[in-house]
């Protein structure tokens, strides 16, 4: 399964698993038709294991990229953390 398709499918099915009705999901994804949403849910229900595995693979890959970015741009992340701390202190 194409990982990006599985990931997008995962977002819609996550909302479904949380109890959101297809009509509510459509409000979050207005470019999708109800037919597409129901189709995604049907596909998910028939292929839960492969969808889940694909999403987990994407999350692992994202975490590797995030860690690599932090290592390769440590000074920038340090400046951002300092700026965030200063901003939070100024708000108190």
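Selection over the range 42-52 of residues that are under 17 Å from the mean Cα position of the chain (by Cα) and surrounded by 13 or more Cβ atoms within 10 Å (Cβ to Cβ) gives a count of 4. Residues that are out of contact with any helix residue (DSSP H, G or I) (no Cβ under 9 Å at 6 or more places or on another chain) and under 21 Å from residue 58 (Cβ atoms) within the range 15-30 comprise just one, 18.
Counting only helices (runs of 4 or more DSSP H) that sit completely within the chain, those holding 3 or more residues that are at pLDDT below 85 correspond to 3-17, 48-72.
The values are calculated or read from the model by the stated rules, or taken from the named source; none is laboratory data. Since we're looking at a predicted model, the values are computed, not measured. So basically every Cβ, Gly included, is an ideal-geometry build from the backbone, and we count neighbours across all protein chains shown.
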